[in-house]
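Asker: Can you read through this structure? Questions will come right after.
The values are calculated or read from the model by the stated rules, or taken from the named source; none is laboratory data. Predicted model, so just to flag it, every value in this text is computed and none were measured. Cβ placement follows ideal geometry from the backbone for every residue including glycine, while neighbour counts extend to all protein chains displayed.
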Amino acid sequence: MKTYTPDKIRNICLASHGGTGKTTLAEAMLFVSGERKRFGSVDEGSTASDYNPDEIERKFSITTSLLHCEWNGHKINILDTPGYADFRGEVKAAMRVSNLVIIPIRATALMDVGTEVAWDYAAEFNIPVIFVVNELDKDNSDFDKTYDALVERFGENKHLVEIHYPIGEGRSDFNQIFDIIKMQQLKFHTDKSGNYDELDVPDEFKERLNKLHEILIEDAAESEEEFMEDYFETGTLTDEEFKTGLREGILDRKIIPILCAESLNAIGVKTMLDFIVDYCPSPADMPPAKGMNPGGGSDMRPCKEDGPFSAFVFKTISEAHVGDLSLFRVYSGTVKAGTDVYNSSRSVPERIGQIFFLNGKDRIDAGQISAGDIGALVKLKDTHTNNTLCDKAKPIRFPEIVFPDPIIKFGIQPKGKIDETKMSNGLHTLHEEDPAFVFTYDPETMQSIVAGQGEMHLNIITKRLKDRFGVEIELVDAKIPFKETIKGTAADSEYKHKKQTGGRGQYGHVHLKIEPQSRGTGFEFVNKIVGGVVPGRFVPAVEKGLQEAVATGVIAGYPVIDVKVTLFDGSYHDVDSDELSFKIAALMAFKKGFKEAHPIMLEPIYEVEVRVPEEYMGSIMGDISGRRGQILGMEADGHFQKVKALVPLSEVQKYATILRSMTSGRGSFRKKFSHYAELPPDLSHKITAEYEARKAAGEK
């Protein structure tokens with residue numbers, strides 16, 4: 001396949017809320033450009049992007065797809081990302097290697113949460129943004145209200161400028177758009193060819209459109225002082241000044257273009273492709289990629305074909321019978337199939353096999369790939385997502401993608417007998433594909449844990465584990481790591497372990513003082529034996545018995561914390577005493593005294609930060625209070641409010657799903673461990689009763 005210089009490449013990420021038409025827009029771009037001969041359908045499962053069986057079944061994107069097309073001598077790489085909140089890790093990875101974010105939105109003046117997430121991620125990576133107002137053929141569409149809503153939400157310190165304007169809206173009227181740059185009225189052909197006829201502009205629109213054209217010229221002029229002087233003198237700009245000014249404004253994120261489209265019928269797609277090629281940044285326009293050199297200092301890699309090779313792997317796809325497919329972007333230099341390169345993230349060599357360009361699942365053999373371009377590598381030995389590949393003679397390591405922290409977790413329980421190694425390998429592979437999915441083993445609760453961005457996210461992981469690896473598991477509630485402690489003191493807890501069986505017996509006798517300590521102190525053992533009433537050789541056995549009791553708990557089977565135990569008296573037998581006898585005596589004395597010292601249970605408390613639109617504040621604060629939460633404060637965050645609170649972990653285990661339901665998907669939250677606090681007596685009694693019932697039934 002033909003290679004492209006960096007200035008002839010455009011790397012774009014389609015990111016927005018679910019259902020706004022990203023995949024259909026990508027399909028329209030491929031069709032109008034001639035890359036695909038058939039216009040695929042999401043409903044029919046025939047799009048280039050959503051080729052995964054899970055996506056075809058559910059009719060929405062789950063993973064990022066890499067696509068490409070050619071337009072006017074330029075290569076456009078398209079990263080079509082999922083819109084649902086459960087798959088935000090995919091969006092972040094795609095933006096990491098993009099130079100432009102296209103955010104499709106519905107023409108209904110509704111700012112969906114996915115739109116806001118895409119905007120925030122684009123700001124985090126400092127990437128230019130285009131809004132594409134989509135679905136203008138719907139009966140409730142209103143371009144002007146949608147534009148006003150965009151300005152209200154995203155217009156602070158930005159110029160949101162209309163590049164297109166629809167003539168007629170709604171199911172029966174919309175079939176024309178006006179190109180404000182070219183001052184042309186265009187009508188769509190129904191064969192989805194992307195071609196247009198020029199029509200006369202209705203008189204009622206002429207004044208408005210002329211005004212929009214003037215605003216656009218003024219915004220372009222503001223990018224450079226020299227252009228502003230020319231604008232003030234002549235009232236306009238030359239074509240070259242206008243193009244340069246608009247390009248610079250978009251690159252600096254000072255100008256946010258707004259285009260029109262109706263992706264299902266490819267309306268506006270041809271002019272959108274023209275705009276991307278003519279006015280949007282190429283990899284060559286972006287600042288050099290920053291990384292670290294082996295000495296720990298910073299390094300820069302300009303996007304040049306003749307520079308030292310450097311690339312970043314942003315996604316891994318595992319395919320049956322093929323192995324891992326590594327999606328990567330080249331930041332500098334050129335790499336060919338058969339080349340030896342260096343993985344600076346893992347300090348290992350790699351041999352480059354075949355290099356492909358992708359259109360979903362379709363592969364095109366590339367042979368080589370140069371600076372600015374995006375492609376895929378097959379069967380790399382030791383390379384994974386977030387790894388840097390480079391020339392060993394001039395190594396560099398690029399910063400890794402920081403994936404969103406998990407917000408929901410479940411325990412996993414195998415259905416029937418399974419191969420533990422097979423399950424572990426399957427979960428590891430799924431984590432490689434999707435680093436926003438995490439699996440761990442919790443030694444405190446002795447439970448295998450999976451964590452992710454939502455219940456849908458983990459349900460899909462579970463399904464893939466079954467379909468691809470033959471491992472069937474069930475998601476169960478993650479156990480809460482409760483603790484046990486005391487509020488009172490047992491001044492003298494005595495226990496004598498005495499056993500005679502005919503031969504040598506067992507004898508161990510201890511007196512313990514058990515008292516509480518301040519929170520966070522842990523367990524402390526003090527030996528105050530005098531006169532050898534408990535020989536020194538048996539004291540370690542006493543401490544060992546206490547450690548075992550602390551680890552296994554007393555009243556509910558949870559670890560004991562923040563207690564001090566003093567061994568101050570006891571007795572021994574010259575023949576029958578041994579280490580086991582004193583270990584048992586200490587363990588039993590501790591359990592006896594612990595129950596006498598006003599035992600309580602502790603629960604983990606988390607600091608929670610909830611971010612919601614202002615209109616949901618009342619219901620969110622009421623809900624937090626109903627979850628035994630303590631409100632710490634509130635602060636404004638643009639059009640949102642942040643609520644900070646302390647909430648028990650048991651009350652926020654599935655809060656991600658609940659919050660999305662309460663806020664129509666617009667709320668988000670994060671949490672971090674704060675401290676342990678006393679569990680209310682009614683809940684404590686319930687847990688201890690369940691523990692006693694399990695013991696009586698012989699269960700663990």
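Asker: How about segment 559-574: which of its residues are without any contact (Cβ under 8 Å) to a residue 12 or more places away in the chain and in contact with a Phe, Trp or Tyr (Cβ under 7 Å, 6 or more places away or on another chain)?
Answerer: Within segment 559-574, none qualify.
Asker: Please indicate, with yes or no, whether at least one residue in segment 125-137 is without any contact (Cβ under 8 Å) to a residue 24 or more places away in the chain and in a helix (DSSP H, G or I).
Answerer: No, the conditions are met nowhere in segment 125-137.
Asker: Right, here's the next one. Of the residues 41, 49, only one is assigned to a loop (DSSP other than H, G, I, E, B), polar (S, T, N, Q) and under 19 Å from residue 327 (Cβ atoms); which?
Answerer: 49
Asker: I would also like to ask the following. At least 3 residues that are crowded, with 21+ Cβ neighbours inside 10 Å and either without any contact (Cβ under 8 Å) to a residue 24 or more places away in the chain or not hydroxyl-bearing (Ser, Thr, Tyr) (or both) in each: list the helices (runs of 4 or more DSSP H) lying fully within segment 214-307 that qualify.
Answerer: 239-251, 269-279
Asker: Is it the case, given these coordinates, that residue 610 is over 30 Å from residue 567 (Cα atoms), in contact with a Gly (Cβ under 6 Å, 6 or more places away or on another chain), without any contact (Cβ under 8 Å) to a residue 60 or more places away in the chain and surrounded by 17 or more Cβ atoms within 10 Å (Cβ to Cβ)?
Answerer: So residue 610 fails the test.
Asker: Restricting to segment 368-394, and then to whatever is more than 27 Å from the chain's Cα centre (by Cα) and surrounded by fewer than 21 Cβ atoms within 10 Å (Cβ to Cβ), can you tell me which residue is nearest to residue 12 (Cα to Cα)?
Answerer: 368
Asker: Specify the residue that is surrounded by the fewest Cβ atoms within 10 Å (Cβ to Cβ); the eligible residues are those in segment 427-471 that are in contact with a helix residue (DSSP H, G or I) (Cβ under 6 Å, 6 or more places away or on another chain) and either more than 25 Å from residue 657 (Cβ to Cβ) or among the polar types (S, T, N, Q) (or both).
Answerer: 469
Asker: Right, another one. Just to be sure, is residue 412 surrounded by 14 or more Cβ atoms within 10 Å (Cβ to Cβ), assigned to a loop (DSSP other than H, G, I, E, B) and not assigned by TED's automatic domain parsing to the domain that holds residue 87?
Answerer: No.
Asker: For segment 121-158, how many residues meet the condition of being within 22 Å of residue 269 (Cα to Cα), polar (S, T, N, Q) and more than 27 Å from the chain's Cα centre (by Cα)?
Answerer: The number of residues fulfilling the criteria is 3.
Asker: May I pose another question? May I ask you to say which residue of 452, 411 is in contact (Cβ under 8 Å) with a residue 60 or more places away in the chain and farther than 30 Å from residue 360 by Cα?
Answerer: One residue alone meets the criteria, 411.
Asker: While we're here: Among the residues of segment 625-641, which ones are in a strand (DSSP E or B) and surrounded by fewer than 16 Cβ atoms within 10 Å (Cβ to Cβ)?
Answerer: 630, 631, 632, 633, 634, 635, 636, 637
Asker: Could you go through segment 351-361 and let me know if any residue there is in contact (Cβ under 8 Å) with a residue 12 or more places away in the chain, surrounded by 23 or more Cβ atoms within 10 Å (Cβ to Cβ) and within 27 Å of the chain's Cα centre (by Cα).
Answerer: Looking through segment 351-361, none of the residues is in contact (Cβ under 8 Å) with a residue 12 or more places away in the chain, surrounded by 23 or more Cβ atoms within 10 Å (Cβ to Cβ) and within 27 Å of the chain's Cα centre (by Cα).
Asker: Select, from 561, 555, 584, the only residue that is at pLDDT 95 or above, buried (at least 17 other Cβ atoms within 10 Å of the Cβ) and farther than 19 Å from residue 525 by Cβ.
Answerer: 555
Asker: Could you tell me which numbered condition residue 96 fails, if it satisfies all but one of (1) surrounded by 24 or more Cβ atoms within 10 Å (Cβ to Cβ); (2) farther than 18 Å from residue 363 by Cα; (3) in contact (Cβ under 8 Å) with a residue 60 or more places away in the chain?
Answerer: It fails just one condition, (1).
Asker: Sticking with this one: Within segment 436-449, identify whether any single residue is modelled with pLDDT of 95 or more, out of contact with any Leu (no Cβ under 6 Å at 6 or more places or on another chain) and charged (D, E, K, R), and answer yes or no.
Answerer: Scanning segment 436-449, I find no residue that is modelled with pLDDT of 95 or more, out of contact with any Leu (no Cβ under 6 Å at 6 or more places or on another chain) and charged (D, E, K, R), so the answer is no.
Asker: I've got another one for you. Residue 471 fails exactly one of the following numbered conditions: (1) part of a loop (DSSP other than H, G, I, E, B); (2) in the same structural domain as residue 547 (by TED's automatic domain parsing). What is the number of that condition?
Answerer: All conditions pass for residue 471, except number (2).
Asker: Going through segment 487-525 one residue at a time, which ones are β-branched (Val, Ile, Thr) and surrounded by fewer than 14 Cβ atoms within 10 Å (Cβ to Cβ)?
Answerer: Once the filter is applied, which keeps residues that are β-branched (Val, Ile, Thr) and surrounded by fewer than 14 Cβ atoms within 10 Å (Cβ to Cβ), segment 487-525 yields 501, 521.
Asker: Could you list, in sequence order, the residues of segment 69-94 that are closer than 19 Å to residue 451 by Cα and among the aliphatic types (A, V, I, L, M)?
Answerer: 85, 91, 93
Asker: How many residues does segment 336-366 hold that are of a type in the set (D, E, K, R) and assigned to a loop (DSSP other than H, G, I, E, B)?
Answerer: 2
Asker: Could you list, in sequence order, all residues of segment 27-62 that are among the β-branched types (Val, Ile, Thr) and touching a helix residue (DSSP H, G or I) at 6+ places or on another chain (Cβ under 6 Å)?
Answerer: 32, 42, 47, 62
Listed here are the residues, each with its yes/no results for (1) of a type in the set (Ser, Thr, Tyr); (2) within 21 Å of the chain's Cα centre (by Cα); (3) surrounded by fewer than 24 Cβ atoms within 10 Å (Cβ to Cβ).
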residue: 19; (1), (2), (3): no, yes, yes
residue: 41; (1), (2), (3): yes, no, yes
residue: 52; (1), (2), (3): no, yes, yes
residue: 57; (1), (2), (3): no, no, yes
residue: 80; (1), (2), (3): no, yes, no
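Asker: For segment 563-620, what are the residues that are in a loop (DSSP other than H, G, I, E, B) and of a type outside the set (A, V, I, L, M)?
Answerer: Listed by number, the residues that qualify are 572, 573, 574, 576, 578, 598.
Asker: Given the residues 657, 688, which is the only one that is of a type in the set (S, T, N, Q) and closer than 30 Å to residue 611 by Cα?
Answerer: The match here is 657.
Asker: Can you tell me which residue in segment 82-97 is nearest to the chain's Cα centre (by Cα), limited to those that are of a type outside the set (Gly, Ala, Ser) and part of a helix (DSSP H, G or I)?
Answerer: 88
Asker: For segment 643-689, give me each residue that is of a type in the set (D, E, K, R), over 30 Å from residue 456 (Cα atoms) and in contact (Cβ under 8 Å) with a residue 24 or more places away in the chain.
Answerer: 678
Asker: Next question, about the same structure. I'd like to check something: does segment 372-394 contain any residue that is charged (D, E, K, R), part of a strand (DSSP E or B) and either in contact with a helix residue (DSSP H, G or I) (Cβ under 8 Å, 6 or more places away or on another chain) or in contact (Cβ under 8 Å) with a residue 12 or more places away in the chain (or both)?
Answerer: The answer is no; no qualifying residue exists.
Asker: If you take the residues in segment 101-120 that are crowded, with 22+ Cβ neighbours inside 10 Å and either hydroxyl-bearing (Ser, Thr, Tyr) or not in a helix (DSSP H, G or I) (or both), which one is nearest to the chain's Cα centre (by Cα)?
Answerer: 115
Asker: As an exercise: evaluate residue 318 against (1) out of contact with any Leu (no Cβ under 8 Å at 6 or more places or on another chain); (2) surrounded by fewer than 20 Cβ atoms within 10 Å (Cβ to Cβ) and give the number of the one condition it does not meet.
Answerer: Checking residue 318 against (1) out of contact with any Leu (no Cβ under 8 Å at 6 or more places or on another chain); (2) surrounded by fewer than 20 Cβ atoms within 10 Å (Cβ to Cβ), the one that fails is (1).
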